[in-house]
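The values are calculated or read from the model by the stated rules, or taken from the named source; none is laboratory data. Computed from a prediction, not measured in an experiment: that's the story for all the values here. Counting neighbours? That spans all protein chains shown, and the Cβs are built from the backbone with ideal geometry, glycine included.
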Amino acid sequence: MKYLFIILAFLLAPLYSLFAQNYVSINACSGNFYDSGGAGGNYSNNEWTITTICSNSSNCVVVDFTSFNLESGYDDMYIYDGSSTASPLIGVYTGTNSPGTITSTTGCLTFDFASDFSATRAGWAATISCVPCPPAPPTNCLGGTTICSDNTFSGNSSGYGVQELNASNRGCLADDENQSSWYFFQATTAGTIEFTISPSNTSDDYDFAVWGPYPSTSTPGDICPPSTTPLRCSYSDDLGDTGLQSGAGDNSEGSFGDSWVNPINMNVGDVYILLIDNWSASGDPFDLNINLTNGASLDCVPLPIELMSFTVEAKEVDNELQWQTMAEINNDYFVIEASKDASNFIRIGNVDGAGNSVEVNNYIYHDVSPLAATTYYRLKQVDFNGKFSYSDVVSVRRMEDGEVVVSPNPVKDVLNIELKTAQAGNYNFSIIDLLGAVIEKSIYLNKGKNNIKFDVFTDLPQGFYMLKIMDENNTIITTKKIMKN
């Protein structure tokens with residue numbers, strides 16, 4: 001009779017899928033998750049329920065199955081890492097093969113359960129909780145993760161960020177990135193490194209490339225993306241394990257290779273980039289097992305941070321320094337240094353770093369006592385272990401006291417500006433309102449004392465405005481607050 005029910009279930013599946021499907025959506029970071037029979041009963045026949053559980057915050061949801069019992073081979077549960085059945089599949093479970101503890105990487109988990117037309121079982125019981133979401137996978141070189149020991153660890157990527165491979169740097173990798181994971185490693189002591197990449201799905205075709213060596217002072221911004229062909233590279237069509245292995249006999253191989261290329265002999269301080277790419281694009285993870293020999297060890301200190309921008313502007317009473325970073329790792333603090341001559345710098349302040357972050361971070365510092373009319377600045381970024389690096393030097397020029405006089409203030413129609421300049425040229429005068437609207441005029445000024453009648457206020461509404469004066473090199477000379485009556 002069991003087989004009759006199975007045949008009927010197969011024949012009626014289209015009707016079942018059309019009318020019996022039930023969708024449930026839950027937002028929670030606590031509580032219980034049961035089958036339709038609740039805590040003590042069995043689920044029913046002819047069920048098809050899709051349940052999506054999402055965190056109620058920026059965390060990731062965790063579902064811990066404390067019991068699990070389905071009719072083996074006939075009733076099953078598909079679990080997806082995401083908000084729908086189109087998300088990556090985590091696994092399929094039936095019988096007493098419990099999913100155990102399932103943690104989302106995207107904030108949601110989706111459970112697709114179906115029962116047939118005959119026997120039922122006790123179902124499942126699970127608890128719901130939330131944990132901080134893991135950092136985004138290192139899909140770009142700039143955000144690569146530092147490898148610092150010979151331990152085995154797991155990695156995965158559902159895609160790539162910016163396509164960073166091209167004809168000049170891909171080497172044996174005959175096509176673009178598919179599902180990319182980027183890493184850095186640096187030798188603390190000289191020796192040999194081997195590694196094995198083991199896909200969890202042995203039908204996956206994983207490829208890899210290693211670039212380097214780069215100098216010990218390298219930052220991600222210096223070396224990402226790689227600008228040369230790889231030092232080691234495997235594009236083998238073979239499935240399963242791949243990596244660096246003693247006796248491999250080659251440094252690079254195409255699709256007909258055997259998956260293995262020679263180890264790397266590292267010198268102290270050498271920096272390398274490793275790309276692991278899932279050519280199969282299955283979404284299934286891998287384990288990376290590092291093997292260090294001949295005295296080799298790796299530096300656990302990540303490469304210095306990437307500084308996106310660093311600017312300085314002369315304000316009315318101080319010089320304002322602003323900078324942005326991305327992908328901060330192990331960033332302890334910044335030292336702000338100033339100089340009169342762009343050569344001899346002194347420390348004028350500190351600003352705490354973000355530590356570890358994969359987001360853009362904005363910083364600001366006000367120098368209330370500039371060293372000179374023209375002051376030069378640089379940043380010294382210091383890691384938790386004391387390693388440091390310097391930014392480029394930026395400068396700002398401001399007029400000394402008495403060199404810029406505006407009157408009247410408040411102004412009604414015409415603003416008189418007395419300005420002493422160090423050199424002749426075209427100067428830009430801007431009036432900016434509180435909403436950011438700008439009125440600009442370019443005026444040629446002679447070297448020395450100049451008297452300007454700025455007649456733009458007649459038709460402007462009452463309120464506060466900012467006067468900004470810049471020279472022909474776009475160096476800000478001064479900013480002043482102006483009130484219109």
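Looking at the structure I just gave you, is Leu379 in the same structural domain as Asp455 (by TED's automatic domain parsing) and in contact (Cβ under 8 Å) with a residue 60 or more places away in the chain?
Values: in the same structural domain as Asp455 (by TED's automatic domain parsing): no; in contact (Cβ under 8 Å) with a residue 60 or more places away in the chain: yes.
When the stated conditions are applied, Leu379 does not pass them.
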For Ser407, are the conditions met, namely being within 30 Å of Ile482 (Cβ to Cβ), of a type in the set (S, T, N, Q) and exposed (fewer than 12 other Cβ atoms within 10 Å of the Cβ)? yes
Is there any pair linking a residue in the range 28-41 that is in the same structural domain as Leu109 (by TED's automatic domain parsing) and at negative phi to one that is of a type in the set (Gly, Ala, Ser) and in a strand (DSSP E or B), with Cβ under 6 Å and at least six apart or on different chains, and which? Phe33/Ala126; Tyr34/Ala125; Asp35/Gly123; Gly37/Gly123
For the range 86-101, enumerate the residues that are modelled with pLDDT of 90 or more and farther than 12 Å from Ser67 by Cα. Val92, Tyr93, Thr94
Mind checking whether some residue in the range 304-312 is part of a strand (DSSP E or B) and free of Cβ contacts under 8 Å to residues at least 24 places away in the same chain? yes
Looking only at the range 435-465, which residues are aromatic (Phe, Trp, Tyr) and either in a loop (DSSP other than H, G, I, E, B) or outside the structural domain of Val414 (by TED's automatic domain parsing) (or both)? Phe457
Considering the range 313-343, residues that are among the small types (Gly, Ala, Ser) and in contact (Cβ under 8 Å) with a residue 60 or more places away in the chain, and then whichever is nearest to Tyr377 (Cα to Cα), we arrive at Ala314
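Would you mention how many residues in the range 441-482 are more than 19 Å from Ser407 (Cβ to Cβ), modelled with pLDDT of 90 or more and under 46 Å from the mean Cα position of the chain (by Cα)?
Result for the range 441-482: 2.
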Looking at the range 121-134, which of the residues that are of a type outside the set (A, V, I, L, M, F, W, C) and at pLDDT 90 or above is nearest to Asp35 (Cα to Cα)? Gly123
Condition broken by Lys387, with the remaining ones in (1) closer than 30 Å to Asn331 by Cβ; (2) in contact (Cβ under 8 Å) with a residue 24 or more places away in the chain; (3) in contact with a strand residue (DSSP E or B) (Cβ under 8 Å, 6 or more places away or on another chain) satisfied: (3)
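Okay, residues lined up against (1) at pLDDT below 85; (2) in contact with an Asp or Glu (Cβ under 8 Å, 6 or more places away or on another chain); (3) of a type in the set (A, V, I, L, M):
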residue	(1), (2), (3)
Leu11	yes, no, yes
Pro14	yes, no, no
Ser17	yes, no, no
Ala20	yes, yes, yes
Phe33	no, no, no
Asn46	no, yes, no
Ser57	yes, no, no
Tyr74	no, yes, no
Looking only at the range 256-276, how many residues end up being closer than 18 Å to Gln179 by Cα and either touching a helix residue (DSSP H, G or I) at 6+ places or on another chain (Cβ under 8 Å) or modelled with pLDDT under 95 (or both)? 2
Six or more apart or on different chains, Cβ atoms under 7 Å: show the pairs whose first residue is in the range 104-120 and at pLDDT below 90 and whose second is of a type in the set (D, E, K, R) and assigned to a loop (DSSP other than H, G, I, E, B). Ser104/Asp81; Thr105/Asp81; Thr106/Asp81
Only one of (1) under 15 Å from Glu472 (Cα atoms); (2) modelled with pLDDT of 90 or more fails for Val414. Which number is that? (1)
Asp287 being assigned to a strand (DSSP E or B), of a type outside the set (Ser, Thr, Tyr) and under 22 Å from Tyr160 (Cα atoms): yes
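This table checks each residue for (1) surrounded by fewer than 19 Cβ atoms within 10 Å (Cβ to Cβ); (2) under 28 Å from the mean Cα position of the chain (by Cα); (3) small (Gly, Ala, Ser); (4) modelled with pLDDT under 85.
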| site | (1), (2), (3), (4) |
| --- | --- |
| Ile290 | no, yes, no, no |
| Leu303 | no, yes, no, yes |
| Leu321 | no, yes, no, no |
| Tyr333 | yes, yes, no, no |
With the condition kept exactly as written, say whether any residue in the range 217-240 is free of Cβ contacts under 8 Å to residues at least 24 places away in the same chain, not aromatic (Phe, Trp, Tyr) and not in a strand (DSSP E or B). yes
Within the range 248-299, of all residues that are charged (D, E, K, R) and in contact with a strand residue (DSSP E or B) (Cβ under 8 Å, 6 or more places away or on another chain), the one farthest from Gln186 (Cα to Cα) is Asp284
